[in-house]
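Read-outs throughout are calculated quantities, based only on the coordinates presented, and are distinct from any laboratory measurement. What you see is a predicted model; the values in this text were computed from it and never measured. Cβ atoms come from the backbone with ideal geometry, glycine included; neighbour counts cover every protein chain shown.
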Amino acid sequence: MVSFNTKSIQIIGHRGSAAPFQGNTLEAILYGILSGAKMIEIDLRLSKDKEVILSHDENLSKIAGINKNISDKTWEELSLLQIKKKKEIFRLARLKDVFKSVPGDIQFYLEIKTSIFLHSSGWDKKLADKVISLIKKEKIKKQCLVMSFEQDIAYYVKKKYPSHRVGIILDSKTKLNTLIKNTKIKFDCLAVNYKLLTKRNLQIIRSSGIPLIVWTVNSKRLWEKIVSYRPWGIVTDYPEKFSSSDLEF
């Protein structure tokens, strides 16, 4: 299991800084960093020509107003799309460009997004392989945490690339119990919805020894409560709200 520095809680910018900007854009990422986030969470998908694209959704309807999938478009086509939010225009971004545009000390929480329509074809594994390839090319393995909601994808990445930090995202109580008790692979991190953090579940997580990330925490009252649980990191849409907080254990 890859070790984590647990001296302080990591502020993790959700999709960069999803509140004031369009999430998963370079502008949101840079703003999140300027606001105090030391780790950036971004969602990843694969274009038709195998470029790793930042996007939460596979379909472009919500962000670009066209009923097309990212996997059906080349990067050249995707780069021309306009994303409008609060009278501002944003563009889709590639992971390779993000890696080259941010300070060298920033960490990345890289979520491998999956699709029920593409999963059986091995498309999700191709995305994971491409992400690892980009991490290796930039020589930033220690700064990257590869995450997925899908256990089979997380297993695939950790088994194939055991020296990389790999974690699983949980929003189900059943998944939490099953994962920790029955898994044959020791993940490097668990990212858990704050609503699941009952006393019993916290005991299960602490007993496992696996570092905990909690998502998505936006209010001061909830932040103070979650900090008392001593997680490794907290995901927020508003890193500027909490970057000046006393986060030392």
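Ranked by how many other Cβ atoms sit within 10 Å of their own Cβ, fewest first, the residues PHE149, PHE187 fall in the order PHE149, PHE187. Of all DSSP bridge pairs formed entirely within the stretch 10-242, close to 20 percent run antiparallel.
Residues HIS56, HIS164 in ascending order of nearby Cβ atoms (within 10 Å, fewest first): HIS56, HIS164. The stretch 58-77 and the stretch 107-151 have Cα centres lying 19 Å from one another. Projecting the Cα atoms of SER172, LEU46, PRO20 onto the dipole axis of the stretch 10-242, where Lys and Arg carry +1 and Asp and Glu carry -1 at the beta carbon, places SER172 farthest toward the positive end. At q = 0.19, 0.22, 0.24 Å⁻¹, what base-10 log of I(q)/I(0) does the Debye formula yield for the stretch 55-128 when every alpha carbon is treated as an equal point scatterer in vacuo? Log10 I(q)/I(0), no solvent term: -0.97, -1.18, -1.27.
Mind scanning LYS38/LYS86; LYS96/LYS130; LYS159/LYS184; LYS68/LYS160 and naming the pairs with a C-alpha gap bigger than 22 Å? With Cα atoms farther than 22 Å apart: LYS38/LYS86; LYS68/LYS160. Ordered by the count of other Cβ atoms within 10 Å of each Cβ, fewest first, THR198, THR174, THR114, THR236 give THR174, THR198, THR114, THR236. Sequentially through the stretch 70-84, phi angles give Karplus couplings (6.51, -1.76, 1.60; θ = phi - 60°) of 4, 5, 9, 10, 7, 4, 4, 5, 5, 5, 8, 6, 9, 10, 9 Hz, Gly and Pro residues having no value and appearing as x.
Dipole magnitude for the chain: computed about the Cα centre from +1 point charges on Lys and Arg Cβ and -1 point charges on Asp and Glu Cβ, it is near 640 debye. Given the options SER71, GLN107, ALA93, identify the residue whose Cα lies farthest towards the positive end of the charge dipole of the stretch 10-242 (+1 on Cβ of Lys, Arg; -1 on Cβ of Asp, Glu). Working it through, the farthest residue towards the positive pole turns out to be GLN107. Remark on MET147: its backbone amide H falls under 5 Å from those of LEU110, GLU111, ILE112, GLY167, a criterion applied only to residues 5 or more positions apart or on other chains, H modelled at 1.01 Å from N. For the pair SER121 and THR174, label points projected 7 Å from Cα toward Cβ lie 2.9 nm apart. Find out how many positive minus negative residues lie around GLU27, taking Lys and Arg as positive, Asp and Glu as negative, among other residues whose Cβ is under 15 Å from that of GLU27. That sum, taken over residues with Cβ under 15 Å, equals +3. In order along the stretch 141-158, the phi-based Karplus estimate (6.51 cos²θ - 1.76 cosθ + 1.60, θ = phi - 60°) of 3J(HN,Hα) comes to 4, 5, 9, 10, 10, 8, 10, 7, 6, 8, 4, 5, 6, 4, 4, 4, 5, 5 Hz; Gly and Pro are listed as x.
With all pairs of separate Cα atoms included, the stretch 64-192 yields a Kirkwood hydrodynamic radius of 16.5 Å. Expressed as a rounded percentage, what relative contact order does the stretch 10-242 have, with Cα pairs under 8 Å and six or more residues apart? Relative contact order here is 20 percent.
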